[in-house]
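Peer 1: Below are the structure tokens for one structure; questions will follow.
No lab work stands behind these numbers, since they all come straight from the coordinates. Please read these numbers as outputs of a predicted model, since none were measured by experiment. Every residue, glycine among them, receives a Cβ derived from its backbone with ideal geometry; neighbour counts consider all protein chains shown.
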Amino acid sequence: MSDSSRTKFASVRGLEMGYIDVGSGAVVLLLHGFPFDKSMWSEQIEVLATGGFRAVVPDLRGLGETRAAGEISTMGDMARDAAALLDELKIEGATVVGLSMGGYVAFEFAYLFPSRVRGLILAGTRAPADNDQEKAGREQQVLTMLRAGMVPISIATLPKLLAERTRAEKPDMVKRVRTLITRSDPKGAAAAQRGMAARRDYTDDLSNINAPTLIIVGREDPIRPISDAEFMHERIADSRLEIIEDAAHMTNMEQADIFNRLLVGFAQLIH
Ligand code: MLT
């Protein structure tokens with residue numbers, strides 16, 4: 001079934017939030033990256049739903065089918081939205097999975113609602129905040145998005161999101177990632193980009209994370225390289241690090257079988 005045909009909506013915190021809720025069993029909450037939406041998790045949703053888990057997959061505010069509420073969508077807003085969605089669905093705890101921006105949201109979720117986190121998967125993300133140059137780069141991108149839409153962003157970021165081999169051998173995936181980016185609402189993406197620029201440094205949170213944690217990184221990720229993953233692994237006590245070969249930033253799409261094996265194996269251990 002296509003993702004849009006099974007999208008449900010819930011009123012949470014003043015938003016009409018689009019989400020997918022499929023399968024039954026222990027809950028896995030999937031938090032997408034930027035500037036994507038819940039359908040970047042299609043392969044994971046299928047595997048979880050058929051593997052005895054319940055996948056809850058929101059469109060984070062401003063992206064996918066959830067409209068932006070203002071000019072900035074903070075990572076804390078997004079984490080509270082996700083928690084409010086779980087409340088709405090009468091779900092107490094979940095394994096929380098975040099890729100890249102979704103990882104920042106997962107950090108906030110773990111900080112705000114530690115008792116709700118059964119396990120944590122942090123993929124292609126990092127704990128430190130942006131430096132001034134990175135913040136300025138994000139604001140530059142915001143101006144481009146608001147002026148010219150998402151196409152320039154897709155051209156600039158695609159080579160970093162997908163490994164060279166993926167780009168050479170999987171044209172359908174390149175197309176899919178490009179479509180995911182270009183169909184995003186520029187205003188919503190701009191608000192999320194501003195939210196990422198404003199995010200705090202999560203380094204001090206890492207030693208307080210008590211949930212079992214799996215850290216995943218693509219061997220060829222230029223955006224969030226292996227050193228960022230090692231940094232988290234060194235500071236989160238109960239953590240394991242997995243490096244996925246022949247993948248850059250979008251590990252869950254580029255090497256879906258490997259990612260899914262790790263995801264399901266981890267969720268089975270926890271629940
Ligand atoms: C993402 O994939 O979510 C973004 O690359 C995260 C970021 O820009 O820091």
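Peer 1: Enumerate the amide H contacts of Arg118 below 5 Å, restricted to partners 5 or more residues apart or on another chain; note that Pro and chain-start residues carry no placed amide H.
Peer 2: Those qualifying (amide H under 5 Å, at least 5 residues apart or on another chain) are Ala94, Thr95, Val96.
Peer 1: Could I ask something else about it? Specify, per residue and in Å³, the volume enclosed by the convex hull of the alpha carbon atoms belonging to the chain.
Peer 2: So the per-residue Cα hull volume is 110 Å³.
Peer 1: Still on this structure, I have one more. Can you run phi through the Karplus equation (6.51, -1.76, 1.60; θ = phi - 60°) for segment 145-159 and list ³J(HN,Hα) in whole Hz, with x for Gly and Pro?
Peer 2: Whole-Hz 3J(HN,Hα) from phi for segment 145-159: 4, 5, 8, 10, x, 8, 4, x, 5, 5, 5, 6, 9, 3, x.
Peer 1: Distance from a point 7 Å along Cα→Cβ of Leu269 to each backbone N in segment 92-116: keep the residues under 18 Å and list them by number.
Peer 2: Under cut-off, by backbone N: 94-98.
Peer 1: Local charge sum around Asp201 (other residues, Cβ-Cβ under 11 Å, Lys/Arg +1, Asp/Glu -1)?
Peer 2: Once positives and negatives cancel, what remains is 0.
Peer 1: Could you grab the Rg to Rh ratio for segment 137-271? Cα atoms only, Kirkwood for Rh.
Peer 2: A ratio of 1.00.
Peer 1: Near Val47, within a Cβ-to-Cβ distance under 10 Å, what is the net charge of the other residues, with Lys and Arg +1 and Asp and Glu -1?
Peer 2: Every neighbour counted, the sum reads -2.
Peer 1: In whole Hz and in residue order, list the ³J(HN,Hα) couplings for segment 139-144 that follow from phi through the Karplus curve 6.51 cos²θ - 1.76 cosθ + 1.60, θ = phi - 60°; x for Gly and Pro.
Peer 2: Calculated HN-Hα couplings, in order: 5, 4, 5, 4, 5, 4 Hz.
Peer 1: Filter Lys8/Lys160; Lys135/Lys170; Lys8/Lys175; Lys38/Lys170 down to the pairs with a C-alpha to C-alpha distance above 30 Å, please.
Peer 2: From Lys8/Lys160; Lys135/Lys170; Lys8/Lys175; Lys38/Lys170, over 30 Å: Lys8/Lys160; Lys135/Lys170.
Peer 1: Continuing with the same structure: Quickly estimate the mean residue ellipticity at 222 nm for the chain, helices only: each DSSP H run with n ≥ 4 gives -39500 (n - 2.57), and the total goes over all residues, rounded to 500.
Peer 2: -13500 deg cm²/dmol
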